[in-house]
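Student: Below: one structure in structure tokens.
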Amino acid sequence: MSDAARKVEEDEYEAIRDAVCATPRGRWFLEEYARRNRSSDTDEVISAIGRLYDLARETAADARFGFLYHDMQQMRRAMDETRKAIAAVKPGDRHNRAETEPDDLAAVAEAAERAAGDIAKAAERLQEIGETLRSAGADADLCDEIENHATGIFMASAYHEMTGKRIGLIVEALGEMETHIARVIAHWEEEAAKA
């Protein structure tokens, strides 16, 4: 594909994304779509690891499984890349960011929880402002609109907080899987050294 074609494709993508993000319902749809796909990918990885674990458990310890060792190494690398990619995502970044930095995923989850708290405090302040304006005789429709937006922010904050907690659970699961995979790889390397 030529650079010009890529540019047109990128412009079309951004125009469609901007149109969908222009409405609350559109933003909700994109967030829900991303959430479902992340869950699906995680389920596939966990299922594959389960199958590999079952295969390894059923096999005699002295059997040679070079392909399984290689697959475990590949899984270990894929998990490390996933960890780096998740940690590298910053607000406003695209999903397919090329350069990643080895940030701590737990810090990402904690930052999401802190942000949810900050958002909730801002929404509370908006409600207080609406109530103050109402008691000072401001336009009731305007005060209602402020309160409606504050309620919407509370709802978005709850979703954001839930996402942060889910990221925390994924971080824990990745850590446990990495530990088990490293242990299996180390065992195989010890056995290979003895042979």
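The values are calculated or read from the model by the stated rules, or taken from the named source; none is laboratory data. Being a predicted model, the structure only gives us computed values, none of them experimental. Note that we place each Cβ from the backbone using ideal geometry, even for glycine, and neighbour counts take in every protein chain shown. Just the protein is used for accessible areas: all its heavy atoms, side chains included, with ligands, DNA and RNA removed. Shrake-Rupley method; radii C 1.70, N 1.55, O 1.52, S 1.80 Å.
Student: Residue-wise, which Karplus ³J(HN,Hα) couplings in Hz belong to the stretch 172-189, taking 6.51 cos²θ - 1.76 cosθ + 1.60, θ = phi - 60°, and x for glycine or proline?
Tutor: 4, 5, 4, x, 5, 5, 4, 4, 5, 5, 4, 5, 5, 4, 4, 4, 4, 5
Student: Given a Förster distance of 41 angstrom, what is the FRET efficiency for D54 paired with D118, based on the Cβ-Cβ distance and rounded to 0.05?
Tutor: Step by step, r from the Cβ atoms, then E = 0.40.
Student: Output ³J(HN,Hα) for the stretch 76-82: one whole-Hz value per residue in order, computed from phi by the Karplus curve 6.51 cos²θ - 1.76 cosθ + 1.60 with θ = phi - 60°, and x for Gly and Pro.
Tutor: 4, 5, 4, 5, 5, 5, 5
Student: In addition: Leaving ligands and nucleic acids out of the surface, order S135, S47 by accessible area at 1.4 Å, largest first.
Tutor: Heavy-atom accessible area, descending, gives S135, S47.
Student: Using a Förster distance of 41 angstrom, determine the FRET efficiency expected from the C-beta separation of A173 and L142, and round it to 0.05.
Tutor: For A173 and L142, the calculated efficiency is 0.30.
Student: Quick one: what are the phi-derived ³J(HN,Hα) couplings along the stretch 152-163, Karplus 6.51/-1.76/1.60 with θ = phi - 60°, whole Hz, x for glycine and proline?
Tutor: Once θ is set to phi - 60°, the couplings for the stretch 152-163 become x, 5, 4, 5, 5, 5, 4, 5, 4, 4, 4, 4 Hz.
Student: Using a Förster distance of 30 Å, how high is the FRET efficiency between Q73 and A34, based on the Cβ-Cβ distance and rounded to 0.05?
Tutor: For R0 = 30 Å, the calculated efficiency reads 0.55.
Student: What aspartates and glutamates does K121 reach when the alpha-carbon gap must be under 15 Å and sequence neighbours fewer than 8 apart in one chain are set aside?
Tutor: List returned: E113, E147, E161.
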